[in-house]
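In what follows, a structure is listed as structure tokens, so that the remarks can point back to it.
No value in this document is a laboratory result; all are computed from the given coordinates. The model shown is predicted, which means the values in this text are computed figures rather than measured ones. Neighbour counts run over all protein chains shown; Cβ positions are idealised from the backbone, glycine included.
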Amino acid sequence: MQDAHHARAATRRHQVARWVLSVAAALFVGFGWAAAATAADVPWTLPESGEAAACSAASPVGDLGYTPGRGLHVGNTGLTLGGYADAFLNRNEGGPAELGADDVSVFVILDPLARLHLFSELEVEDLVHVDDHGHGGTNESSFLAERLYGDLTASDRLAVRLGKFLTPVGRWNVIHAQPLVWTTSRPLTTLLPFDAHTTGAMLFGSVLPDDSSVAYSVYGQFVNSLDPQADQPHPSDRSAGLRLAYNASTNASFGASYLASHTQGEWDHLVGLDTLWQRGRFELMGEAVLEDGTGNLGWQWGFYLQPVVRLLQRTYLVGRYEHFDQRTPDPQVNLVVTGIAFKPVPYVVLKAEYLFADHVAADSPPGVKTSLAILF
């Protein structure tokens with residue numbers, strides 16, 4: 001009897017939590033749309049990184065110039081060195097406070113020819129993790145090649161990429177570096193359904209009808225992945241995908257993705273939709289994915305909506321609602337993020353947020369998340 005009573009009470013708490021989260025999400029999105037409608041109709045986009053060169057010096061290979069957020073340009077060699085780093089201070093519900101340095105990435109970019117572009121991102125992950133009990137250290141840190149590829153461009157309409165690159169499903173995955181996203185936490189929708197990286201080839205380009213454009217990417221993995229320990233728990237060994245994005249002249253963009261991946265001897269098929277809309281002080285970004293299940297793998301699907309409102313010149317109110325139904329026996333989760341992002345300069349961002357959840361998800365636990373991220 002007592003167990004049944006506890007079970008009914010837990011069910012009621014979950015129902016109330018889901019209702020509260022749904023209402024909070026609706027109110028926040030509604031607030032964002034109202035702000036968009038009343039904001040001054042002036043061009044506004046996400047702040048671009050970098051300003052004028054902060055320092056320069058002569059060298060035998062030409063002038064060395066460093067631009068904050070855009071890296072060090074090494075004379076006439078076509079070489080640019082850059083990167084980013086981030087640190088965090090989190091306290092998940094029911095757990096200790098954790099302080100750490102999550103990622104330190106170095107970009108090595110070389111443009112030896114007008115149509116040849118070489119790019120590598122070398123990253124140290126989980127550099128330091130220490131909690132308020134003194135537990136932790138550097139045992140979990142790892143070094144990997146986050147990206148390593150070359151682009152050969154025939155024209156704006158056609159280019160080919162070979163190597164390891166970020167899988168172009170949706171928007172978040174290809175801009176996931178902490179200085180370029182609004183929250184410390186990452187939506188499950190962009191993390192669990194597909195591998196973050198593809199090792200293979202991609203054809204991409206854009207067509208320019210009038211003052212808008214249509215961009216495409218056709219890609220596939222035909223070799224074993226590099227640094228598989230950094231990818232998903234069950235990385236795909238072969239895949240093929242397509243992404244189309246329509247970029248309108250009115251600060252709106254819409255995308256669609258398809259990915260077929262071979263995992264554990266079976267093929268999965270994923271479809272996704274995404275959007276980014278900006279007006280005045282307001283931005284709305286969202287993604288939705290649906291992945292079928294074959295063999296021992298089940299269906300999973302999810303979506304998120306993330307409104308951002310500029311409150312002051314460098315301060316932004318950020319929110320996100322997400323629903324995710326994963327293929328494990330764990331229950332569906334509803335997540336709400338509310339937070340603030342402050343950019344003292346375009347290449348530095350401080351973030352603070354609270355993540356609410358009706359069920360605990362291991363990859364996105366509820367609690368306080370804060371971070372400091374810097375583009376070099």
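The table that follows gives values for the structure above.
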| item | result |
| --- | --- |
| Amide H contacts under 5 Å for Gly280, placed H, 5+ residues apart | Val42, Trp44 |
| Computed FRET value (nearest 0.05) for Asn251 with Leu99, which takes r as the C-beta separation and R₀ as 35 Å | 0.35 |
| Separation of alpha-carbon centers, the stretch 340-370 and the stretch 138-197, rounded to whole Å | 20 |
| Sorted by Cβ neighbour density within 10 Å, fewest at the top, the residues Ser120, Ser239, Ser142, Ser371 | Ser142, Ser120, Ser371, Ser239 |
| Karplus-derived 3J(HN,Hα), 6.51/-1.76/1.60, for each residue of the stretch 93-110, Hz, glycine and proline x | 4, x, x, x, 6, 10, 10, x, 10, 7, 9, 10, 10, 10, 8, 10, 10, 9 |
| HN-Hα J in Hz across the stretch 180-188 - Karplus 6.51, -1.76, 1.60, θ = phi - 60°, x for Gly and Pro | 10, 10, 8, 10, 5, 7, 10, x, 4 |
| The stretch 198-209 - phi-based ³J(HN,Hα) in whole Hz, Karplus 6.51/-1.76/1.60, Gly and Pro as x | 10, 10, x, 9, 9, 9, 8, x, 8, 10, 10, x |
